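Shown next, in structure tokens, is the structure this report addresses.
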Amino acid sequence: MKFNSYLNKIKEYVAGKPIEQIARDYQLNTKDIIKLGSNENPYGPSPKVIQTLKQNSNSVHMYPDDSFYELKSVLAKKFDVNENEIIFGCGSDQIIELAVRAKAKIGDNVLTAGLTFAMYKIAAQSVGANLIKTDSLIHNLDELYTKYKKDNPSVIFLCLPNNPIGDCLDTDEVYSFLEKIDSETLVFVDGAYQEFASYKDKKKHIDIKDLINRFDNVVYSGTFSKLYGLGGMRIGYGISKSKNLKALYKLRPPFNVASLSISAALSALEDEDYINEYLKHNLDQMKRYEDFIVSKGYSFVDSYTNFIQLEFKEDINSSVLASELMKRGIIIRDMSSYGINGIRITIGTSLQNDIVLKNLDELL
Ligand SMILES: *Cc1c(COP(=O)(O)O)cnc(C)c1O
């Protein structure tokens with residue numbers, strides 16, 4: 001049986017390996033494994049979220065509230081936008097997919113930075129669109145603009161801050177870029193790590209209300225998977241002018257977010273102290289990696305996220321290093337498949353970072 005020919009181009013997304021698999025492959029105890037490969041909040045969600053999940057588990061036989069009434073009103077208040085300017089997804093991955101399906105057709109171009117989040121490409125290719133990248137790995141707005149002029153993409157992705165590198169454009173620069181983009185081109189601003197960037201540097205902060213009010217053609221996405229520690233609950237959101245979201249709503253499957261995920265998100269938003277503590281911890285602990293790598297004579301990319309890219313010289317091979325760490329039960333991301341001799345590490349708990357730094361010290 002033949003399937004859509006444009007699926008031939010798609011390389012299946014390879015997710016970070018789960019702890020159980022590493023334990024089997026390397027004969028390790030699951031509890032000894034340190035998983036810092038997927039940018040999860042290493043402390044998990046607020047304890048209040050766990051409480052809420054227990055309390056609400058008795059209603060799982062019922063479909064969720066498909067209007068997302070409560071969560072929508074809480075988020076609308078938080079971002080000072082209208083409720084009809086919000087859509088929820090099974091992870092923000094689903095918002096990416098809905099936006100691309102709503103806008104890009106077979107043969108269209110979709111434009112991204114040279115190295116960015118893998119789902120943009122998959123989403124584009126799954127509708128038969130072509131993915132076009134800049135030569136620069138990080139977001140280079142001049143290059144993006146040149147490609148935009150030349151290739152007339154129907155969708156442009158900006159990942160602010162960018163996964164997997166951790167860099168982030170200043171919001172001022174992004175706005176100047178957006179001013180030059182035609183209103184018929186959808187610009188997708190992926191803010192999966194935006195809270196980390198805002199916390200570190202006000203110049204990177206995106207005021208979502210201002211963004212969508214100034215730019216009719218922008219869809220912004222955020223997630224509960226990273227800062228809020230709810231990767232396993234699969235809930236994210238899109239924010240845009242309601243006339244844009246009407247198109248996305250047409251493609252959204254009903255009940256696309258589980259009821260417990262909605263409860264978890266609501267509860268996570270309430271515990272601001274917990275989140276602020278994690279943001280502070282993340283920056284403090286990141287500094288340890290920065291100091292360490294510099295002391296070893298290597299470098300790092302200034303990161304506006306909860307992970308950091310460490311870069312080596314020829315004396316170190318990042319894939320050898322990554323597999324050495326793996327044998328010791330430490331899961332990080334090797335960057336060699338992207339042509340970078342480096343590794344990406346999610347900032348862990350203080351204890352996890354102690355262990356990772358000790359092992360890196362031995363191996364480098
Ligand atoms: C993790 C991540 C997402 C998707 O997260 P969901 O779990 O689907 O909400 C989106 N964009 C970037 C850049 C990410 O790193």
Ranking 349, 223, 116 by Cβ neighbours within 10 Å, fewest first, what do you get?
349, 116, 223
Theoretical ellipticity at 222 nm over the chain - DSSP helices of four or more residues, -39500 (n - 2.57) apiece, nearest 500
-12500 deg cm²/dmol
Residue separation between residue 7 and residue 179 times 0.36 nm, minus their alpha-carbon distance, gives in nm 58.5 nm
Out of 156, 332, 50, a Gaussian network model of the chain with alpha-carbon springs under 10 Å gives the largest mean-square fluctuation to 50
Sites residue 249 and residue 80, calculated FRET efficiency, Cβ-Cβ separation with R0 25 Å, nearest 0.05
0.70
Taking the chain and dividing mean pair separation by its residue count, relative contact order in percent (alpha carbons under 8 Å, at least six apart):
23
Built amide H within the under 5 Å cut-off of residue 223, gap 5+
237
Can you work out ³J(HN,Hα) from phi for every residue in the stretch 172-188, in order, using Karplus 6.51 cos²θ - 1.76 cosθ + 1.60 and θ = phi - 60°, giving whole Hz and x for Gly and Pro?
4, 5, 4, 5, 4, 5, 4, 4, 8, 9, 4, 5, 7, 9, 7, 9, 9
Provide the per-residue ³J(HN,Hα) series for the stretch 157-169, in order, calculated from phi with Karplus coefficients 6.51, -1.76, 1.60 and θ = phi - 60°, each as a whole number of Hz, with x at glycine and proline positions.
9, 10, 9, 10, x, 8, 9, x, 8, x, 6, 8, 6
Please give, to one decimal in nm, the separation of the simple spin-label points placed at residue 67 and residue 354, each 7 Å out from Cα toward the Cβ.
5.2
To make sure I understand, if each residue's beta carbon is the centre and we count other beta carbons within 10 Å, what order do 199, 43 fall in, fewest to most?
43, 199
Expressed to two decimals, the chain has a Cα Rg over Rh, using the Kirkwood radius, of 0.96
Put a dot 7 Å past each Cα toward the Cβ at residue 272 and residue 323; how far apart are the dots in nm?
4.9
Ranked on Cβ counts within 10 Å of their own Cβ, fewest leading, 239, 181, 262 go 181, 262, 239
GluC sites (Glu not before Pro) restricted to the stretch 159-252 and DSSP loop, no more than 10 other C-beta within 10 Å:
184
With Cβ to Cβ distances under 12 Å as the rule, what net charge do the other residues near residue 20 carry (K, R +1; D, E -1)?
+3
Test of understanding: what is the full-extension gain from residue 14 to residue 32, defined as 0.36 nm times their sequence separation minus their Cα-Cα distance?
4.1 nm
Most packed first (mean Cβ within 10 Å per residue), the peptides 64-75, 307-318 order as 307-318, 64-75
Suppose R0 equals 22 Å. What FRET efficiency, 1/(1 + (r/R0)^6) with r the Cβ-Cβ distance, do residue 296 and residue 337 give to the nearest 0.05?
0.40
Bridge orientation stat for the chain from DSSP, antiparallel percent rounded to 5, came to 50
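Read-outs: derived from the displayed coordinates by stated rules, not from any lab. Computed from a prediction, not measured in an experiment: that's the story for all the values here. For neighbour counting, all protein chains shown are included, and Cβ atoms are generated from backbone atoms with ideal geometry for every residue, glycine included.
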